[in-house]
Amino acid sequence: MATTRASTSGRVSQAFTILVFFFFFFSTLTASVEAAGRGVNNDKKGDGLGASFIFGDSLVDAGNNNYLSTLSRANMQPNGIDFKASGGNPTGRFTNGRTIGDIVGEELGSANYAIPFLAPNATGKALLAGVNYASGGGGIMNGTGRIFVNRLGMDVQVDFFNTTRKQFDDLLGKEKAKEYISKKSIFSITIGANDFLNNYLFPLLSVGTRFTQTPDDFIGDMLEHLRDQLTRLYQMDARKFVIGNVGPIGCIPYQKTINQLKEDECVDLANKLANQYNVKLKSLLDELNKKLPGAMFVHANVYDLVMELITNYKEYGFISATKACCGNGGQYAGIIPCGPTSSLCEERDKYVFWDPYHPSEAANVIIAKQLLYGDIKVISPVNLSKLRDL
C-alpha cells in the first residue's frame, strides 16, 4: 500500500509551477479546436442505453473546453494519440484515448459517444446518444478553477442540460422524451477533485477560503451545492445517476513532483480531504435514494479503484504508477502538462497516468470495467450494467 505523509515542502515550487503552467497554456492557446467535433462517433450500434449524459471535470471532458477561451485545454498533440475514432488526432480529451465515460457508453450499448454540448454539431438527432457537459477545471463550487479563466462549473452544466431537455421535447415529443430520459438514460457525474486541487488547496488563491472555512465547512458547502445540482437534474426527469467520489488526488504525478515525494508516498492532506468528502458523499446519496421517488443514485468508489491500481500496478501489467507518460518537469514528469514539447513514454499502455493529472486509457479501461460489472465494494447499490436495465 502506498504510504502517505503531510508535506509542507514544495510550496515555493508550487508557486513557481503556477507561472510555468500559465506560460505553457498561453503558448498553446491558439491550437486548433476543430478536432473535438470530428470523428468522435464510433460505429457500434447498441440497443441497451438511451442517452448518456456526462457531467464533470477534465477526467471526462470530451472537448467542451475547445470552445472556451481557457487555459485548461487538451486539444494539442499528443493528447488523443490512441483515440481511434479521431484517427489519433486530439479531440480535447485529457488522455491518450478514451475517457471512462466513453468506455462505459460503449459497453452499455450507446450508438455513439456523447457529443460535447458546445460543439457546433450538437444538434438534432445527434443528441439522442447523449451529451457531454464536462469541462476541464470545473468543479461543484462556482469559484473552483478560476485560475483557468474560463471553465464550466457544475451549476452551468446543469443549466446547459435544461437547454438539452427542451430540445428532447422538440425531438421526441414531451411524453416520449420524459420516458427516454427517465427510463433509458444514465446521468454520470465525475466532479469534486478540482474543488480541492484548484480551490481549497490552491496556493495563493485559497488563502481567504482556508482562513474563513474549516475543511469540514468547505466540504459541507460542496455537498449542499451538489445536493441542489442533483435535485435540479431530478426535477428535469433524470432518474438513473452514477456519482463518482474523489480519487486519491495526493498520489497524482503533479502532487508527488512538487512535493518531492518518494514513489511510495502521497500527499497526506489532499488524500485526507478526499476521504472526508467521500464519506459524506456516500451519506448524501443514501439520503437522496430515500427522499426522491423513482431515483437511483449509484455511488462509484473511484478512490479505492485508483488506489488499487497505484498500489498494485504491476499486477495489472503496468510498469509505472508514479510518472506521467506525457509531461515534463521533475522526477515524475509532473510539472508541465502534456503538449507537443512534452516527453512521451514508449509504452503508453504500461503507465497508470497519462499526464500529471489524468489516467491513461489503459487505466480508464480497468476502472470502467469495474464500474460496469463490479461488486458493491466498488459500486453500489448496483453496478452500471444493472443500472441500465432497471
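Things to note:
- In the range 256-282, the residues that are assigned to a strand (DSSP E or B) and among the β-branched types (Val, Ile, Thr): Val267
- Tally of residues being buried (at least 23 other Cβ atoms within 10 Å of the Cβ), assigned to a loop (DSSP other than H, G, I, E, B) and touching a helix residue (DSSP H, G or I) at 6+ places or on another chain (Cβ under 9 Å) across the range 336-357: 6
- In the range 234-275, residue nearest to the chain's Cα centre (by Cα) [restricted to those that are among the aliphatic types (A, V, I, L, M) and under 30 Å from Lys166 (Cβ atoms)]: Ile243
- Conditions (1) assigned to a loop (DSSP other than H, G, I, E, B); (2) surrounded by 24 or more Cβ atoms within 10 Å (Cβ to Cβ); (3) in contact with a helix residue (DSSP H, G or I) (Cβ under 6 Å, 6 or more places away or on another chain): number failed by Phe94: (3)
- Selected residue [of a type in the set (A, V, I, L, M, F, W, C), modelled with pLDDT under 95 and either in a loop (DSSP other than H, G, I, E, B) or surrounded by fewer than 21 Cβ atoms within 10 Å (Cβ to Cβ) (or both)] from Ala36, Ala111, Ala74, Ala62: Ala111
- So Leu371, is it more than 21 Å from Gly92 (Cβ to Cβ), in contact with a strand residue (DSSP E or B) (Cβ under 7 Å, 6 or more places away or on another chain) and surrounded by 16 or more Cβ atoms within 10 Å (Cβ to Cβ): yes
- Residue within the range 129-150 that is within 18 Å of His358 (Cβ to Cβ) and in a helix (DSSP H, G or I) present: yes
- Applying the criterion of at least 2 residues that are basic (Lys, Arg) to the helices (runs of 4 or more DSSP H) found wholly in the range 156-255 leaves 174-183, 215-235.
- Residues located in the range 241-250, provided they are over 16 Å from Phe202 (Cα atoms) and out of contact with any Ser or Thr (no Cβ under 7 Å at 6 or more places or on another chain): Phe241, Ile243, Asn245, Val246, Gly247, Pro248
- Among the residues making up the range 283-321, a single one is in contact with a helix residue (DSSP H, G or I) (Cβ under 6 Å, 6 or more places away or on another chain), assigned to a loop (DSSP other than H, G, I, E, B) and within 25 Å of Lys272 (Cβ to Cβ): Ala321.
- Hey, Phe211 loosely packed, with under 15 Cβ neighbours inside 10 Å and either over 29 Å from Asn383 (Cα atoms) or at pLDDT below 95 (or both) or not: yes
- When restricted to residues that are surrounded by fewer than 15 Cβ atoms within 10 Å (Cβ to Cβ) and either on the phi < 0 side of the Ramachandran plot or in contact with a Leu (Cβ under 7 Å, 6 or more places away or on another chain) (or both), the range 283-303 contains 6.
- Restricting the range 143-162 to residues that are polar (S, T, N, Q) and under 20 Å from Asn66 (Cα atoms) leaves a set whose member that is farthest from the chain's Cα centre (by Cα) is Asn150.
- Residue tally, condition among the basic types (Lys, Arg) and crowded, with 24+ Cβ neighbours inside 10 Å, over the range 250-282: 1
- Among (1) crowded, with 24+ Cβ neighbours inside 10 Å; (2) of a type in the set (Val, Ile, Thr); (3) within 29 Å of Ile81 (Cβ to Cβ), the one test that Ile243 misses: (3)
- Answer residue from the range 142-154, given it is among the aliphatic types (A, V, I, L, M) and surrounded by 24 or more Cβ atoms within 10 Å (Cβ to Cβ) and is farthest from Met222 (Cα to Cα) among those: Leu152
- Checking every residue in the range 77-85 against the condition of being in a loop (DSSP other than H, G, I, E, B), surrounded by 24 or more Cβ atoms within 10 Å (Cβ to Cβ), on the phi > 0 side of the Ramachandran plot and at pLDDT 95 or above gives at least one match.
- The C-beta contact set for the range 60-77 (first residue within 9 Å of Thr91 (Cα to Cα) and of a type in the set (S, T, N, Q), second residue modelled with pLDDT under 95 and surrounded by fewer than 23 Cβ atoms within 10 Å (Cβ to Cβ), distance under 7 angstrom, 6+ apart or interchain) comprises Asn66/Val33; Asn75/Ala31; Asn75/Ser32; Asn75/Val33.
- Within the range 116-140, the set of residues being surrounded by 24 or more Cβ atoms within 10 Å (Cβ to Cβ), within 14 Å of Thr91 (Cα to Cα) and not hydrophobic (A, V, I, L, M, F, W, C) comprises Pro116, Asn132, Ser135, Gly136.
- For Gly220, the test of being modelled with pLDDT of 95 or more, surrounded by fewer than 20 Cβ atoms within 10 Å (Cβ to Cβ), of a type outside the set (Ser, Thr, Tyr) and under 18 Å from Asn275 (Cβ atoms) is passed.
The values are calculated or read from the model by the stated rules, or taken from the named source; none is laboratory data. Note that this is a predicted model, so its numbers are computed, not measured. Note that each Cβ is placed from the backbone with ideal geometry, even for glycine, and that neighbours are counted across all protein chains shown.
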